[in-house]
Amino acid sequence: MVKFKTIKSNSNLMKCLVVFYSRTGNTKKVAEKIAEILNCDIEEIVDIKNRSGIIGFLRSGYEAARRKLTIIAKTKYNPSDYDVVIIGTPVWAGNISVPIRTYIIMNRNKFNKLAFFCTMKMRSSPMIFKEMRELCQKDPISALIIRTSEINSGTYIKKVEEFISKIKA
Ligand SMILES: Cc1cc2nc3c(=O)[nH]c(=O)nc-3n(C[C@H](O)[C@H](O)[C@H](O)COP(=O)(O)O)c2cc1C
């Protein structure tokens, strides 16, 4: 009798995890859309530090520019259990947000394939993917920048779909 092996080559069988931090909800909105389309697990990074208000805003920008780390709450999922980990961060002072920098540094040996996305206000191109790549020592299979104007207008959904089709390809 011929035995058939199940080969995990189909993108539908690809196990994905979306990991994000969001201070004011933009990155969360994009992360939830990605997880909804992929029907995958999602992990919100929780910063122990209070980042609300103007003091929180100023402190966050200062810390991000100086590449500081923070203390994040214990995470639920192990990234090494996933074929692809999709990491999302807001851009802070042109940099990776402090909680996502912390998460990457704590987990960088556990990633298989990676994809990155960020949300930001301005039209400039941030250098954060280059730094995320260096921190992870891995090239992402897909990367996406979403502006806050695209979130407000709803046009981000089309970009998210293109981003996901690259991940699946
Ligand atoms: C401390 C701080 C610094 C920021 N710096 C930038 C920046 O350098 N460039 C930019 O385009 N947007 C910047 N923003 C705007 C955020 O990147 C943008 O609003 C993002 O979508 C916020 O995501 P969130 O709602 O998930 O926290 C900054 C926001 C904060 C709080």
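Computed values, structure above
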{"read-out": "The stretch 18-31: number of residues that are part of a loop (DSSP other than H, G, I, E, B) and not hydroxyl-bearing (S, T, Y)", "value": "2"}
{"read-out": "Count - residues of the stretch 127-158 that are small (G, A, S) and within 17 Å of V85 (Cα to Cα)", "value": "2"}
{"read-out": "Index of the failed condition, E134 passing every other in (1) surrounded by 17 or more Cβ atoms within 10 Å (Cβ to Cβ); (2) free of Cβ contacts under 8 Å to residues at least 60 places away in the same chain; (3) out of contact with any Lys or Arg (no Cβ under 8 Å at 6 or more places or on another chain)", "value": "(1)"}
{"read-out": "R101 under 19 Å from L144 (Cα atoms), surrounded by 14 or more Cβ atoms within 10 Å (Cβ to Cβ), in contact (Cβ under 8 Å) with a residue 24 or more places away in the chain and not β-branched (V, I, T)", "value": "yes"}
{"read-out": "Residue within the stretch 111-118 that is outside any strand (DSSP E or B), more than 8 Å from the ligand (Cβ to nearest atom), surrounded by fewer than 18 Cβ atoms within 10 Å (Cβ to Cβ) and touching a residue at least 12 places away in the same chain (Cβ under 8 Å) present", "value": "yes"}
{"read-out": "Boolean, E150 is closer than 17 Å to T27 by Cα and either within 16 Å of the ligand (Cβ to nearest atom) or modelled with pLDDT under 95 (or both)", "value": "yes"}
{"read-out": "Members of the stretch 142-168 that are in a loop (DSSP other than H, G, I, E, B) and buried (at least 16 other Cβ atoms within 10 Å of the Cβ)", "value": "S142"}
{"read-out": "Any hit, the stretch 78-91, residues being surrounded by fewer than 16 Cβ atoms within 10 Å (Cβ to Cβ), without any contact (Cβ under 8 Å) to a residue 40 or more places away in the chain and assigned to a helix (DSSP H, G or I)", "value": "yes"}
{"read-out": "Answer residue from the stretch 32-72, given it is under 21 Å from M14 (Cα atoms) and part of a loop (DSSP other than H, G, I, E, B) and is nearest to the ligand (Cβ to nearest atom) among those", "value": "C40"}
{"read-out": "Yes/no for T75 being more than 10 Å from the ligand (Cβ to nearest atom) and surrounded by 15 or more Cβ atoms within 10 Å (Cβ to Cβ)", "value": "yes"}
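Every residue, every condition in (1) under 17 Å from P140 (Cβ atoms); (2) among the polar types (S, T, N, Q), yes or no:
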{"site": "N39", "(1), (2)": "no, yes"}
{"site": "I42", "(1), (2)": "no, no"}
{"site": "R51", "(1), (2)": "no, no"}
{"site": "G61", "(1), (2)": "no, no"}
{"site": "I71", "(1), (2)": "no, no"}
{"site": "T75", "(1), (2)": "no, yes"}
{"site": "D83", "(1), (2)": "yes, no"}
{"site": "G88", "(1), (2)": "yes, no"}
{"site": "R101", "(1), (2)": "yes, no"}
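The values are calculated or read from the model by the stated rules, or taken from the named source; none is laboratory data. On a predicted model such as this, the values are computed, not experimentally measured, just so you know. Cβ atoms come from the backbone with ideal geometry, glycine included; neighbour counts cover every protein chain shown.
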